[in-house]
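The next block holds one structure in the form of structure tokens; read it before the comments.
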Ligand SMILES: [Zn+2]
Ligand SMILES: [Zn+2]
């Protein structure tokens, strides 16, 4: 079977021995396609993953072999995610599901950028669903990234009447903004790239250019009775975006951190203290968040049409390069 693995700072397509179920429970699936996640880019670019690693986890696939009590059968087209919390440890009991050891250890094997993948019984029972008929393969591949946004929105614990700002209107920003809208909130979005602002506007999001901080402040104050937004969702990976959050959040408001930034700058002690800010991070979804995600995609409340650019597996390096250079919004690797 063909896989795309990290090799000497490149993504290289190689031939590997075919995986089979043998005596195990679970399923072997033939991958139809897999989304390229921002976290894959970070793992590749920052050399976090070793040579031989197969990245990718946003898979759409067909079951070709199965030994399971999940009810799925050979021929089913499914969508699946990679991590599962144990729901028993101290982290899970404290609602920090993505900090759970079991969550971090569980994964699809060898990774999504592979012709065939092994899903354990636990994956089938918790984070796998049949592909809804009204969604294309590319559309349903947003199941896991949208699940991350759903988790962030739930974690922020906002009232539906809240005013919110999404900083960064890349794919994740567009998913986040639409999720917030689906939860009933008044949503603003900002970026510094005009084409991204236009894309957000075409999805009905009130989007503006935040390259001028003073303008960003005035714009948000004008739309929030001069107090600022209740919560800022930081999907931008730029250090400069931190100033936008501090200029637009209201006193006593929240900042939800959803991205790493290169210089790792932060909100200062005194920002947090004098403004009584709540700064919180959100990383990865629970099974319940993934279910909500699939509902939002299926009922059309989150529109992901035409967000993906499709690359064949052979051109996966190009997909990484084009994502890094912002040439495209989101890559989908077709097997
Ligand atoms: Zn992802
Ligand atoms: Zn746990």
In the range 158-176, how many residues are under 19 Å from the mean Cα position of the chain (by Cα) and either on the phi > 0 side of the Ramachandran plot or surrounded by fewer than 24 Cβ atoms within 10 Å (Cβ to Cβ) (or both)? 2
Based on what the data block shows, is residue 64 touching a strand residue (DSSP E or B) at 6+ places or on another chain (Cβ under 8 Å), in the same structural domain as residue 179 (by TED's automatic domain parsing) and outside any loop (DSSP other than H, G, I, E, B)? no
For the range 12-28, state whether one or more residues are surrounded by fewer than 13 Cβ atoms within 10 Å (Cβ to Cβ) and within 16 Å of ligand 1 (Cβ to nearest atom). no
How many of the residues making up the range 111-123 are within 20 Å of the chain's Cα centre (by Cα) and either assigned to a loop (DSSP other than H, G, I, E, B) or more than 27 Å from residue 12 (Cβ to Cβ) (or both)? 3
Scan the range 179-199 residue by residue and report those that are surrounded by fewer than 24 Cβ atoms within 10 Å (Cβ to Cβ) and touching a residue at least 12 places away in the same chain (Cβ under 8 Å). 181, 182, 183, 184, 185, 186, 192, 193, 194, 196, 197, 199
Filtering the range 255-276 down to residues that are crowded, with 22+ Cβ neighbours inside 10 Å and in contact (Cβ under 8 Å) with a residue 60 or more places away in the chain yields 256, 258
Scanning for something in contact with a strand residue (DSSP E or B) (Cβ under 7 Å, 6 or more places away or on another chain) and in contact (Cβ under 8 Å) with a residue 24 or more places away in the chain, does the range 284-293 turn up at least one residue? no
Have a look at 115, 121, 138 and point out the one that is in contact (Cβ under 8 Å) with a residue 60 or more places away in the chain, assigned by TED's automatic domain parsing to the domain that holds residue 313, within 16 Å of ligand 1 (Cβ to nearest atom) and in contact with a strand residue (DSSP E or B) (Cβ under 9 Å, 6 or more places away or on another chain). 138
Among (1) buried (at least 20 other Cβ atoms within 10 Å of the Cβ); (2) in contact (Cβ under 8 Å) with a residue 60 or more places away in the chain; (3) closer than 26 Å to residue 128 by Cβ, the one test that residue 311 misses: (2)
Selection count, the range 295-321, where residues are assigned to a helix (DSSP H, G or I) and either modelled with pLDDT under 95 or touching a strand residue (DSSP E or B) at 6+ places or on another chain (Cβ under 7 Å) (or both): 7
Pull up the range 29-53, narrow it to residues that are within 29 Å of residue 76 (Cβ to Cβ) and over 18 Å from the mean Cα position of the chain (by Cα), then point me to the one that is farthest from ligand 1 (Cβ to nearest atom). 30
Looking at the range 124-211, what helices (runs of 4 or more DSSP H) fall wholly within it and have at least 1 residues that are within 19 Å of residue 295 (Cβ to Cβ)? 137-140, 143-156, 171-182
Regarding residue 30, is this residue away from ligand 2 (no atom under 16 Å from the Cβ) and touching a residue at least 60 places away in the same chain (Cβ under 8 Å)? yes
Failed condition for residue 79, given (1) farther than 22 Å from residue 1 by Cα; (2) in contact with a helix residue (DSSP H, G or I) (Cβ under 8 Å, 6 or more places away or on another chain), with all others met? (1)
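Table: residues versus (1) within 16 Å of ligand 1 (Cβ to nearest atom); (2) surrounded by 14 or more Cβ atoms within 10 Å (Cβ to Cβ); (3) part of a strand (DSSP E or B).
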| position | (1), (2), (3) |
| --- | --- |
| 75 | no, no, no |
| 78 | no, yes, yes |
| 83 | yes, yes, no |
| 86 | no, yes, no |
Quick one: which residue in 93, 104 is more than 20 Å from the chain's Cα centre (by Cα), within 15 Å of ligand 2 (Cβ to nearest atom), modelled with pLDDT of 95 or more and in the same structural domain as residue 59 (by TED's automatic domain parsing)? 93
Condition first: in contact with a helix residue (DSSP H, G or I) (Cβ under 6 Å, 6 or more places away or on another chain) and more than 23 Å from residue 53 (Cα to Cα). Now tell me which residues in the range 110-134 satisfy that. 126, 129, 131, 132
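The values are calculated or read from the model by the stated rules, or taken from the named source; none is laboratory data. Owing to the predicted nature of the structure, the values given are computational and were not obtained by experimental measurement. Heads up, the Cβs are rebuilt from the backbone with ideal geometry, glycines too, and the neighbour counts pull from every protein chain shown.
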